[in-house]
Amino acid sequence: MSLDEHVIEVRDLSRKFGAFTAVDAVNFDVRRSEIFGYLGANGAGKSTTIRMLCGLLAPTTGHATVAGKDIARDPVGVKRSIGYMSQRFSLYLDLTVQENLQFFAGAYGIGGKKQRVAVDAALERAQLQDSRNVITKSLPGGVRQRLALASALIHKPVILFLDEPTAGVSPDSRRDFWRMIRGLAREGTTLFVTTHHLDEAEYCDRIGLMVDGKLVALGTPPELKREHVAGAMFALADTDHRALRAALAGDARVLQIQPFGRRVHLRVDAALGTPVDIQSMLTGRGVAFGEIQRIEPTLEDVFLELVGGAS
Amino acid sequence: MRTALWAIILKELRQTFRDKRTAALLIVAPVIQLIVLGFAVNLEVDHVPTAIVDLDRTPESRRFADGLVAGETFEMKGNVDTGEEAIELIDHGKVCIAVVLPAGFERSLGDGLPTQVQLLVDGGDSNRAIIAQNAATAYTTQVGFRLAMDRAQQQAAALGVFVKRPALLQVQARILYNPTLNSHIYFVPGVGGTLLLVVTVIVTSMGLAREKEAGTMEQIMVTPMSPMVVILGKTLPYALIAFVDLGLVVAGGALIFKVPIRGQLWLIGLAGILYILTTLGIGLLISTVAKSQQQSFMLAFFFMMPAILLSGFMTPIANMPHWLQLVTHFNPVRHLIEVLRAVLLKAATFSDVAPQLVALGGLGITVFLLAVMAMQRQLK
Ligand SMILES: Nc1ncnc2c1ncn2[C@@H]1O[C@H](COP(=O)(O)OP(=O)(O)O)[C@@H](O)[C@H]1O
Ligand SMILES: [Mg+2]
């Protein structure tokens, strides 16, 4: 078992709903104990892909193996090896924390003393030892999310699928949650996480980017930035993007001008590599500007580049 | 597999008994409904509110009126002076029947002329109207016969001859199995059948719809549990509760309404199991098409209404048009009620109720298998 063994292999996987193609001939691999981020806007086909990989939905064409099992031929085998936390972190709200965990343990065939051990471990993981008899409905969103994660992990799956795990959760809880996810990856669990938060994708080892059912980019965050965002990027303070655009009109070295919060991002030919280069380019063009900083492109830039190119 | 099945059953029971309303629906409601419906649906006819319109005001007319209300059937609510007033009383629901004795009643009888007594009957409750009318007619015939006899004997005595009593043909009805015509006895089995319907059909179909709405169905489907385990886990607890309810209804009927238990209870148990198989199957089938709890409830209701109406619970099946009678053979409620009535009241044996048991078994197995197939397709 090598470290870069593929625990998920997806080949030309497609799913149609009637005439509509929700997932269109997607190909990728996921390696053991990496965090694979599956990115895309709402309706891009993320949940549909994840539901096929979990054996919940049959592919229309193509195939995939998960933990060495074919999703179409051995869905039960797949289900035994994976944990899945749906978009809605579905728990039984009328049951207590402990009763939810007991049910999911039982559903995976964990009974008796083993069940007590598993439930205690899950309570500890979710830091809910003191709330075991609390009705789930009365827990705040972030706590429910931890409980849902602990439920999905109760049978120690080798792969964990998380569909938009941080939707509707406070930024603090989101940070805690990603800390737990990274901890899981270190322990050897493979994580397949969908999200539409581009900032969260930075936590992932590798990323697949979905646009309208198609996988348009695949790689580590630095790879994606290098491949898809050409040139050098700078952030300019105290300037107006319209004035800047007017001043630089017709200059072939300028690739992109984009307002970004209170600053403006300027992307230029890689030949202009330092703030000094930019300063000299702008001097005498009649546009005011403040401090100039060289910055790395973000995944947002990658996304804009790819989606802008597609449309 | 045993662990998984037990996990679902435990979860269902916990959810059921955590929600006070569901728990009440399943356990307390059967008893309350038995009592409330048992007393409300009173098919016996006695103490019919009656008005007398005595236009004659003679000893003979008074004797007729007193005799009429002397029994249990009619209860005197008042004398009025005109037929219009009597109709008004009927319109206002004050009385159900009015007896009009015409002016010249005594004289006309004395002259041996045909004499008429008019009955005004509120036909709103047809069962009661018919029984009241029959009772009034029987009373009038009896009085007429007595008068005729008296008269014949008087004339014979006056002529100094002996007359034989005229021949008299009378109907004597003896009611078997329920000699006091206690309608509760007939009614309790009906309550049993319909209550089980509510418990099993509504609870199973709504329970699955609730899981779909909450998204927990998907969470169940991503576990390696087989569809059969899911189906059994979601039906066995309610089958058990329904069985307890059947016991409650039979015991409640015996204790509160003195419904006899003449036959062997295991026959009721067997019919109950086969019946529950059908109704749980219908609940499952509904849940495969319904997308929400509301839809499930509507569909369950649309199934239950005709099933109850066509069960012979309230309306005898023999009174239905022929084609509708054929339809009732496919109604599990009909067969269960027949078994309950036959076993409780007539001490029916296995061979007596075998046709009903075969029908229940056939329906149960067919419907449950169909439901399992539909569910398995959906859960895959
Ligand atoms: N069961 C379904 N029937 C029909 N269309 C569906 C179904 N599930 C998803 N879709 C459609 O497929 C597309 C992708 O959906 P989804 O995979 O849920 O997107 P995402 O998770 O990326 O937001 C959407 O346009 C959605 O409307
Ligand atoms: Mg989604």
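The values are calculated or read from the model by the stated rules, or taken from the named source; none is laboratory data. Computed from a prediction, not measured in an experiment: that's the story for all the values here. We place every Cβ from the backbone using ideal geometry, glycine too, and count neighbours over all the protein chains shown. Just the protein is used for accessible areas: all its heavy atoms, side chains included, with ligands, DNA and RNA removed. Shrake-Rupley method; radii C 1.70, N 1.55, O 1.52, S 1.80 Å.
Highest GNM mean-square fluctuation among A:Gly55, A:Gly40, A:Gly231, for chain A modelled with Cα contacts below 10 Å: A:Gly231. How many angstrom separate the Cα center of segment A:208-230 from the Cα center of segment B:84-101? Computed from Cα coordinates, the inter-centre distance equals 90 Å. Each of B:Glu88, A:Glu305, A:Glu164, A:Glu187 has its accessible area taken with a 1.4 Å probe; listed largest first, they run A:Glu187, B:Glu88, A:Glu305, A:Glu164.
Note on the protein assembly as shown: dipole from Cβ charges, positive end direction compared against B:Val327, B:Leu344, B:Gly83; the farthest Cα belongs to B:Leu344. For chain A, set up a Gaussian network in which alpha carbons nearer than 10 Å are linked by springs, and say which option among A:Leu56, A:Leu209, A:Leu160 fluctuates the most. Largest GNM mean-square fluctuation: A:Leu56.
Oblate is the label for segment A:230-269, because a/c, from the alpha-carbon gyration tensor with a ≥ b ≥ c as root eigenvalues, is 1.5 or above and a/b does not exceed b/c. Working note: 222 nm ellipticity from helices only, DSSP H runs with n ≥ 4, each -39,500 (n - 2.57), summed and divided by the residues of chain A, gives -10000 deg cm²/dmol to the nearest 500.
Among the protein heavy atoms of segment A:6-219, carbon and sulfur supply 48% of the accessible surface, probe 1.4 Å, non-protein parts ignored.
Per-atom-type breakdown for segment A:226-306 gives carbon and sulfur 50% of the accessible area (1.4 Å probe, protein chains only). Starting from the Cα gyration tensor of segment A:1-91, take the square roots of the eigenvalues, sort them a ≥ b ≥ c, and report rounded, prolate or oblate (rounded when a/c is under 1.5, otherwise prolate if a/b is larger than b/c, else oblate). Rounded, since a/c falls under 1.5.
Compute the Cα gyration tensor for the protein assembly as shown, then decide on rounded, prolate or oblate, letting a ≥ b ≥ c be the square roots of its eigenvalues: rounded whenever a/c is under 1.5, prolate when a/b is larger than b/c in the other cases, and oblate in all that remain.
Prolate is the answer for the protein assembly as shown, as a/c is 1.5 or above and a/b outweighs b/c.
Residue order by solvent-accessible surface for A:Arg73, A:Arg262, B:Arg146 is A:Arg262, A:Arg73, B:Arg146, largest first, with ligands and nucleic acids left out and a 1.4 Å probe. Average accessible surface for segment B:48-159: 58 Å² per residue, computed with a 1.4 Å probe over protein heavy atoms with every protein chain in place. Between the alpha-carbon centers of segment A:96-114 and segment A:277-294, tell me the distance in whole angstrom. Cα centroid of segment A:96-114 versus Cα centroid of segment A:277-294: 63 Å apart. For chain A, the solvent-accessible area works out to 46 Å² per residue, with a probe of 1.4 Å and every protein chain left in place.
Of interest is the spacing of the C-alpha centroids, which for segment B:223-278 and segment B:190-206 amounts to 10 Å. Summed over both chains, the contact between B and A buries some 2300 Å² of accessible surface at a probe radius of 1.4 Å. Of the residues A:Leu191, A:Leu123, A:Leu248, the one that moves most in a GNM of chain A with alpha-carbon contacts below 10 Å is A:Leu248. Of the DSSP H helices in chain B, those with a Cα length along their own long axis of 27 Å or more and a mean Kyte-Doolittle hydropathy reaching 1.6 comprise B:227-257, B:265-289.
As a calculated quantity, the FRET efficiency between A:Arg226 and A:Phe17 at R0 = 45 Å, using C-beta atoms, amounts to about 0.80.
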